[in-house]
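The values are calculated or read from the model by the stated rules, or taken from the named source; none is laboratory data. Computed from a predicted structure; not experimentally measured. Here the Cβ is made from the backbone with ideal geometry for all residues, glycine too, and neighbour counts use every protein chain on show. Each accessible area value is taken on the protein alone, full model and side chains, heavy atoms only, with ligands, DNA and RNA left out. Shrake-Rupley method; radii C 1.70, N 1.55, O 1.52, S 1.80 Å.
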Amino acid sequence: MKISYTWLQKYFDDPLPHVDELCTQITLHFAEIDSVEAVGGDWIIDVKILPDRACYALSHAGIAHEVAAIIRKPCARANAFGVDFDIATIENAVPPYPLRIDSPHCDYYTATKGTIGPIREGGVYDEIVRLLVSIGQRSINPLVDVANFVMQDIGQPLHIFDAGKVHGGITVRQAHEGEVLTTLDKKELTLTPEDMVIADDTHALALAGIKGGIKAESSRDTTQFILEAAHFDAGHVRRRSTIHGIKTDASKRYENAIAPFFAQSGASYALGLIERISTDVRIDAFRRVGEVGPTTRTCTITSRGISDMLGIELDLKTCTEYAVLLGFSISQDGDACHVTVPSWRHDIYREADIAEEIGRLYGYERIPSTLLSESKQEKEKNSYWRILEAIRSVLISRAFSEICTYTLVDHGEYDVLAAPAGRDALRTDISTRMKEALERNAQHADLYGLNRIALFEIGTVFTKHAGEEMHVCFGAIPVREKMKLTEAYVKEVCTELERMLEEFGIACAMTPALQTNGSVVIVEVSCSSIMRTADVEEREVEKLNVEIQPIRQYTHYSPYPYIVRDIAVFVPQGTDPDAITRSIKKHGGDLVYRHTLFDVFEKKDSGKTSYAYRIVFQSNERTLTDAEVEDIMNRIYADMHSLGYEVR
Amino acid sequence: MNIHPIAQTIREIASICSAFGFTVELGPELETEFYNFDALNVPKDHPARDMQDTFWVKTPTEKGERQLLRTHTSSVQVRYLETHDAPFRILAPGKVFRNEATDATHDAQFHQIEGLVVEPEASMSSLKGMIEHILKSFFKEEITIRFRPSFFPFVEPGVEVDMLFKGTWMEIMGAGMVHEHVFKAAGKTGAEKGFAFGVGVDRLVMLKYNIPDVRLLYAGDIRVTEQFA
């Protein structure tokens, strides 16, 4: 909710804290602040109002009352302009307006017919427009601007009809099948009896609670108006607003259950403002239909209950002090206290809700940290998770590296609605992505001096016949010849897994669905039977005291291609190959990503040993050229010659 | 050879919490509307449903219930409460899904760990202590946290937890006292006392290991996994 600092200030006679201090206080005691912007001489603060407080805080008044509780200074007035008018006082002094409610989704409606004269120059209207524009609203015409201002100020949505375009009276009814309504922004809606409309004797004039129609639209020339201030069912407004794809400031407030109570004060405030901005204002007719309902609600708290929930000792007196700060009234009843809150606070029904009000005003920073008692147990019960972790450990010890791929893929047995194309089905296996990963990664093997890419994933797959299942998938692709994963090795791994599972009391044959596609070998096994037995086995296992191997900080890999060169050098037997690596580092410098010794060979009867290195060149900034690399290699060769070593 | 940093992090947190008797429980990723929303006090037609973008699955269950990919690990809370009596302390790690635009800090799938403690000792104070302890032990340094008033339908009071990291306050997890509605949905009386927290594992991983883009965690790329050797 965007609010203006100067607008907020109008609620207080004393100056508010500086905007930075105010924002800090709001953040610590009420709500998150999305942004603060200096605009003209004002600050526009975007306060994030969440669904629980949207029933009362989507307004300057609601936020002002919160600020009042936080800074411990009461609001000096109930609305920004201190308008004190109550429409109920004129109810019997004017003719009744023809109004009927024929819809189950509207339980309260007020219609005021009035006349507006010329706008007073340089007065309240200019200020109203300025404040509206400051929070990003458009000025449309004086009547609509007042209606919009009232909504932004106290939260109640209002609607203005041009009385000259309304025939007969107003009925709140369901739409007829196929009834057409053209909205204020010229969108044509075809309605059904599911929709609720505000209508006159001949036409639908507005989609109730959501959007006005163009038929009875007001303009700068409107002199006679009908002011709507009503209450519409929150669920209904939300459903219809979603179906028509129309979301407005008004529909947002209705769907967050702004209380019927505000309709009357909204109408009163608007009429009071109209009187201030214009001469010759008259109220010609008025009617209200329906019930506002109870205006308060009571819930009971005890200091024990509040203290236990917050974890601090608060006496009843302190609890009630905070309740009073928030504008609630209290009455003590022995050890308990009845807290009466306005019925429009839909976030307060129980003691836990009051505990939150007290806790946040008291200040969560003042709540100390305490630790739960430690557990004395040395062993813990067997569990499905522990077993999956044991499987993970086995595979890691067998030199498979763990990956985690996407569940949402382009093809599967379960379709996902409204998902991006290519990511709109649930995967039925892990093997498909595993194969892609292995093949894709083979090209990077040299960067890490790997002879084989060996990966695994433990994750869920989804099939119609088995539902959701946890699968273990591991596989490998050789980079060097003869490094293909053998069936024997796969069997070894599976046997190890089976033995490990036996220790957990699980009999599970890890019969692999072995896939071989050329040199790629993949195994995928379901863990369903493990899951079914795991939690049933009442075995005890050692507490998880995982030897956490510390892992390094991540440095991002270079996006540029690498170049590989091999060099093999004969050195006299017994000589350290140091000189070779020193030369590589000296001439390659930062451009050498890795050098790996991959072969040592004693030439018979020669007194020489051959050391072969694979050098991987890569830059973080650019693509290296063959010429650059040749140049570095030539310098290394030159070094070798000067040392008397033979390059093979 | 190398463990994935997400699995590593889950193990670390489980290990930190095991000294306090937490066990680790798992729940389904393909969840029903009831466990993901209604049981957690997020009714249909309520604006609270807008707080998360959901991946709805086309086929309903055999019983005709709507299915979705769970949007949080909180769905495990009611499942566990239904079949277990207090007192208990559990962690529930796992994959969760949000139908959001993807970028360096958001992906359609990510991992969370849920913590749920139901016992008389549970309070906002012991909640603060537990969260501080976990973060301190995980980042291996003294950390400062703060609670900010916020809202999640399944806790009351509800807070966002910020952590002071490298000089800036950053949002690290949501937490609060378990809402009465959640207990009742699980067949309990509603007079129980508990606290819960939910933390994004990917976030923790990115902060601790200095990873610039969350999508790197799901790329299946050895240029990422080999970094952690």
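For the range B:39-139, build the convex hull from the C-alpha positions and give me its volume per residue in Å³. Spell out each step's value before the answer.
Numbers: hull volume 14.9 nm³, N = 101.
Dividing the Cα hull volume of the range B:39-139 by its residues yields 147 Å³.
Over the whole of A:387-393, what's the average partner chain Cβ count within 10 Å per residue? Rounded to a whole number, please. Present the calculation step by step, with values, prior to reporting the outcome.
Details: counts 0, 3, 5, 0, 0, 4, 2.
Across the residues of A:387-393, the mean count of other-chain Cβ atoms within 10 Å is 2.
Which helices of chain B meet both criteria: a Cα extent of 20 Å or more along the helical axis and a mean Kyte-Doolittle score no lower than -1.0, with helices taken as whole DSSP H segments?
Details: long enough: B:124-139 (22 Å, 0.54).
Flagged H segments are B:124-139.
For chain A, find the longest principal axis of its Cα atoms and tell me its angle to the long axis of helix A:234-244, 0 to 90°, nearest 10.
Taking Cα atoms only, the helix is inclined about 70 degrees.
If you place +1 on the Cβ of every Lys and Arg, -1 on the Cβ of every Asp and Glu, and leave all else neutral, what size is the dipole of chain B about its Cα centre, to the nearest 20 Debye?
On the way: 24 positive and 32 negative charges, 43 e Å.
About 200 debye.
To the nearest 10 Å², what's A:LYS10's accessible area with a 1.4 Å probe?
50 Å²
What does the charge count near A:GLY114 come to, summing +1 for each Lys or Arg and -1 for each Asp or Glu among other residues with Cβ under 10 Å from its Cβ?
Details: positive: A:LYS113, A:ARG282; negative: A:GLU275, A:ASP284.
Its environment carries a net charge of 0.
Got a sec? What order do A:LYS317, A:LYS435 fall in by accessible area at 1.4 Å, biggest, i.e. largest, first?
Working: A:LYS317 135, A:LYS435 60 Å².
Largest accessible area first, the list is A:LYS317, A:LYS435.
Taking H as built 1.01 Å from N, whose amide H comes closer than 5 Å to the amide H of A:TYR593, not counting residues under 5 places away?
Result for A:TYR593 returns A:VAL616, A:PHE617, A:GLN618.
Quick check on chain B: take the gyration tensor over C-alpha atoms, sort the square-rooted eigenvalues as a ≥ b ≥ c, and tell me if it's rounded (a/c under 1.5), prolate or oblate. Write out the running numbers ahead of the final one.
Details: a/c = 1.64, a/b = 1.18, b/c = 1.38.
Cα axes put chain B in the oblate bin.
Within a 10 angstrom radius of each residue's Cβ in A:396-406, how many Cβ atoms of other chains show up on average? Whole number is fine. Kindly include the intermediate steps, with their values, before the conclusion.
On the way: counts 5, 1, 1, 2, 2, 9, 11, 10, 12, 4, 7.
Across A:396-406, the average partner-chain Cβ count within 10 Å equals 6.
Keeping every protein chain in place, order A:THR581, A:THR279, A:THR300 by accessible area at 1.4 Å, biggest value first, i.e. largest first.
Details: A:THR581 25, A:THR279 50, A:THR300 70 Å².
Largest accessible area first, the residues go A:THR300, A:THR279, A:THR581.
Quick one: which residues, 5 or more positions from B:HIS111 or on another chain, have an amide H under 5 Å from its amide H? H modelled 1.01 Å from N in the peptide plane, none for Pro or chain starts.
Those lying under 5 Å, H to H, from B:HIS111 are B:VAL96, B:VAL201, B:ASP202.
5 Å is the cut-off here: which amide hydrogens, built 1.01 Å from N in the peptide plane, fall below it relative to A:LYS48, excluding neighbours closer than 5 in sequence?
Here A:GLU32, A:ILE33, A:ASP34 satisfy the definition.
Over the residues of the protein assembly as shown, compute the C-alpha Rg and express it relative to 2.2 N^0.38 Å. Intermediate results must be reported in sequence, preceding the final value.
Working: Rg = 33.9 Å, N = 877, 2.2 N^0.38 = 28.9 Å.
Expressed relative to 2.2 N^0.38 Å, the Cα Rg reads 1.17.
All other residues with a Cβ under 11 Å from the Cβ of B:THR61 taken together, and with Lys, Arg as +1 and Asp, Glu as -1, what is their net charge? Each step should come with its number before you reach the end.
Values: positive: B:LYS63, B:ARG66; negative: B:GLU31, B:GLU33, B:GLU62, B:GLU65.
That works out to -2.
Measuring from centroid to centroid over Cα atoms, what is the spacing of the range A:552-584 and the range A:261-290 in Å?
85 Å
Below 8 Å, C-alpha to C-alpha, sequence gap of six or more: please give me the relative contact order for the range A:283-430 in percent. Before the final figure, lay out the partial values.
On the way: 143 pairs, mean separation 25.9, N = 148.
Averaging sequence separation for qualifying contacts and normalising by length gives 18 percent for the range A:283-430.
At what distance in angstrom do the alpha carbon centres of the range A:148-191 and the range A:312-366 lie from each other?
Comparing the Cα centres of the range A:148-191 and the range A:312-366, I get a distance of 40 Å.
Would you kindly find the accessible area of A:SER431, with a 1.4 Å probe and non-protein molecules such as ligands, DNA and RNA excluded, rounding to the nearest 10 Å²?
A:SER431 exposes around 10 Å² with every protein chain in place.
Compute the Cα gyration tensor for the range A:459-526, then decide on rounded, prolate or oblate, letting a ≥ b ≥ c be the square roots of its eigenvalues: rounded whenever a/c is under 1.5, prolate when a/b is larger than b/c in the other cases, and oblate in all that remain.
Working: a/c = 2.95, a/b = 1.36, b/c = 2.17.
Oblate, because a/c is 1.5 or more while a/b does not exceed b/c.
If you take every residue apart from A:ILE246 with its C-beta less than 13 Å away from the C-beta of A:ILE246, what net charge results, scoring Lys and Arg +1 and Asp and Glu -1?
On the way: positive: A:LYS186, A:LYS187, A:LYS211, A:ARG238, A:ARG239, A:ARG240, A:LYS247, A:LYS252; negative: A:ASP185, A:GLU188, A:ASP195, A:ASP249, A:GLU255.
Counting the neighbours of A:ILE246, the net charge comes to +3.
At a Cα cut-off below 18 Å, give the aspartates and glutamates reachable from A:LYS604, other chains included and same-chain residues fewer than 8 away excluded.
A:GLU646
How well do other chains shield peptide A:110-121, expressed as the mean number of their Cβ atoms within 10 Å of each residue Cβ?
Numbers: counts 0, 0, 0, 0, 0, 0, 0, 0, 0, 0, 0, 0.
So the per-residue partner count for this stretch is 0.
Share of antiparallel DSSP beta bridges in the protein assembly as shown, in percent to the nearest 5? Present the calculation step by step, with values, prior to reporting the outcome.
Values: 155 of 163 bridges.
Taking every DSSP beta bridge with both residues in the protein assembly as shown, the antiparallel ones total about 95 percent.
Residue by residue through the range A:630-636, what is 3J(HN,Hα) from phi via Karplus (6.51 cos²θ - 1.76 cosθ + 1.60, θ = phi - 60°)? Round to whole Hz and write x for glycine and proline.
The phi angles translate into 4, 4, 5, 4, 4, 5, 5 Hz.
When only C-alpha pairs under 8 Å and at least 6 residues apart count, what is the relative contact order of chain B, in percent?
Details: 426 pairs, mean separation 50.2, N = 229.
Computed value for chain B: 22 percent relative contact order.
Sorting B:LYS128, B:LYS188 by accessible area (1.4 Å probe), largest first, what list results?
Working: B:LYS128 15, B:LYS188 45 Å².
Listed by decreasing accessible area, they come as B:LYS188, B:LYS128.
So for the range B:79-229, if I pair up every lysine 8 or more residues apart or on another chain, how many of those pairs have alpha-carbons under 20 Å apart?
For the range B:79-229, qualifying lysine pairs total 10.
Say each of A:THR242 and A:THR516 gets a label point 7 Å from the Cα, pointing the same way as Cα to Cβ; how far apart are those two points in nm?
Label at A:THR242, label at A:THR516, 5.4 nm between them.
Let me make sure I get this right: for the range A:286-438, a, b and c are the square roots of the gyration tensor eigenvalues over alpha carbons, sorted descending. Under 1.5 in a/c it's rounded, otherwise prolate if a/b > b/c, else oblate. Which is it? Provide the component values of the computation, followed by the final result.
On the way: a/c = 4.20, a/b = 1.76, b/c = 2.38.
Oblate is the answer for the range A:286-438, as a/c is 1.5 or above yet b/c matches or exceeds a/b.
Highest first, please rank the peptides A:608-614, A:14-20 by the mean number of other Cβ atoms sitting within 10 Å of their residues. Don't skip to the answer; put the middle values down first.
Numbers: A:608-614: 18.0, A:14-20: 12.1.
Output ranking for A:608-614, A:14-20: A:608-614, A:14-20.
Given an 8 Å cut-off on Cα distances and at least 6 residues of separation, report the relative contact order of the range A:410-514 as a percent.
Details: 141 pairs, mean separation 21.0, N = 105.
Relative contact order of the range A:410-514: 20 percent.
In whole angstrom, how far apart do the alpha carbon centroids of the range A:450-517 and the range B:154-192 sit?
The range A:450-517 and the range B:154-192 have Cα centres spaced 39 Å from each other.
For chain A, take the longest principal axis of its alpha carbons; what is the angle in degrees between that and the long axis of helix A:431-442, to the nearest 10 within 0 to 90?
Compared with the principal axis, the helix lies near 60 degrees.
Leaving ligands, DNA and RNA out of it, work out the accessible area of B:HIS181 with a 1.4 Å probe and give it in Å² to the nearest 10.
Taking all protein chains as shown, B:HIS181 has close to 70 Å².
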